[in-house]
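All of the numbers you see were taken from the coordinates with simple rules; none came from a lab. On a predicted model such as this, the values are computed, not experimentally measured, just so you know. Note that we place each Cβ from the backbone using ideal geometry, even for glycine, and neighbour counts take in every protein chain shown.
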Amino acid sequence: MDPYKVLKYPVNTEKSMKLMETENKLVFIVDLNAEKIDVKKAAEKLFSVKVEKINTLITPAGKKKAFIKLKKENKAVDVMTQLGLM
């Protein structure tokens, strides 16, 4: 899958900011048909980071949310700064 179609947009809420600072996680809305491996490959390709773990859930609104935990050598804050959200 095309990485730009897999990762739709970042979630920019207080909770996602806290996760980013404390647990080194990024939160994105992703394509409903994307699997965890697709999300991992897309994040690694687009942001040049190493992904440790992916958790996904489908929201009551019918959107798929992915929690992307980065390895210690990469900082989630740096990725969000790169995107212009910090």
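Between Thr22 and Lys65, full extension at 0.36 nm per residue minus the direct alpha carbon distance yields a gain of 13.6 nm.
In this Cβ point-charge picture (+1 for Lys and Arg, -1 for Asp and Glu), the chain has a dipole of about 160 debye about its Cα centre. Using the Karplus relation 6.51 cos²θ - 1.76 cosθ + 1.60 with θ = phi - 60°, the per-residue 3J(HN,Hα) values for the range 15-25 come to 5, 5, 5, 5, 4, 5, 6, 8, 10, 6, 10 Hz, with x marking Gly and Pro. Peptides 66-74, 54-62 ranked from most to least packed by the mean count of surrounding Cβ atoms within 10 Å: 66-74, 54-62. Each peptide in 13-19, 26-32 was scored by the mean count of other Cβ atoms within 10 Å over its residues; highest first, the order is 26-32, 13-19. A full extension of the chain between Lys15 and Glu44 corresponds to an added length of 8.1 nm, given 0.36 nm per residue minus the alpha carbon distance. Each stretch of four or more DSSP H residues adds -39500 (n - 2.57); spread over every residue of the chain, this sum gives -11000 deg cm²/dmol at 222 nm. For the range 3-83, the spread of Cα coordinates along the three principal axes comes to 31, 26, 20 Å, biggest extent given first. Rounded to the nearest whole Hz, the Karplus-based 3J(HN,Hα) values (6.51 cos²θ - 1.76 cosθ + 1.60, θ = phi - 60°) of the range 54-67 follow the sequence 10, 10, 10, 8, 9, 6, x, 7, x, 9, 9, 10, 10, 9, with x at glycine and proline. Taking the range 40-74 and a reference point 7 angstrom along Cα→Cβ of Met86, the backbone N atoms nearer than 12 Å belong to 74.
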